[in-house]
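Taking it in order: structure first as structure tokens, then the write-up.
The values are calculated or read from the model by the stated rules, or taken from the named source; none is laboratory data. Please read these numbers as outputs of a predicted model, since none were measured by experiment. Glycine also receives a Cβ, built like all others from the backbone with ideal geometry; neighbour counts cover every protein chain displayed. Ligands, DNA and RNA are stripped out before the accessible areas are found, and what is left, the full protein with its side chains, is counted by its heavy atoms. Shrake-Rupley method; radii C 1.70, N 1.55, O 1.52, S 1.80 Å.
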Amino acid sequence: MPATYDDAALIVQLVRWGTELGLDEAMSAIMAEGFDAEAATADDPPVRAFLSFGETVSTLVKQDILNKELVLDLWWVEGLWSRVGPAAKKLRERLGEPRLFENFEALASGI
């Protein structure tokens, strides 16, 4: 099913929220040449911002509230997960909660 104007309106709201989260600065940090995805933790503010944003967007997609194709066309979900996913997995292990950020990982994996 193609994206709708409602999907587009929700995307605009998400972009605004991303601005409030500081995703521009977070993107610069996680895409920087010296960023080490394996050493990063969910306590790092840029990582935490993208984990929160990615899980929220991915949950909206999973629940059919937001068009998956539109999200994947707009954001490089797989690439973002590759940068922050290792931190999410460490947090899962530390807390003993395998469901943390599962929707973000699933969307990045194409599920």
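Rounded to the nearest 10 degrees, the inclination of helix 5-21 to the longest alpha-carbon principal axis of the chain is 30 degrees. Under 17 Å of direct C-alpha separation, and excluding same-chain neighbours fewer than eight residues apart, Lys62 reaches these aspartates and glutamates: Asp6, Asp7, Asp73, Glu78, Glu102, Glu105. Percent of alpha carbon pairs in the chain separated by more than 21 Å? Summing the P(r) tail past 21 Å for the chain gives 34 percent.
In plain terms, the chain is cut at each of the GluC sites (Glu not before Pro) found in a DSSP loop with at most 14 other Cβ atoms within 10 Å, and the longest leftover piece is 39-111. For segment 7-102, a simple Cβ point-charge model (Lys and Arg +1, Asp and Glu -1, everything else neutral) yields a dipole of about 300 debye relative to the Cα centre.
The residues of the chain expose on average 61 square angstrom of accessible surface per residue, using a 1.4 Å probe on protein heavy atoms. Counting only protein heavy atoms and using a 1.4 Å probe, the accessible area of Val71 comes to about 0 Å².
The portion of the accessible surface of segment 48-111 made up by carbon and sulfur, rounded to a whole percent, is 53 (1.4 Å probe; DNA, RNA and ligands excluded). Our helix-only sum for the chain, with -39,500 (n - 2.57) per DSSP H run of n ≥ 4 divided by its residues, gives a mean residue ellipticity at 222 nm of -21500 deg cm²/dmol.
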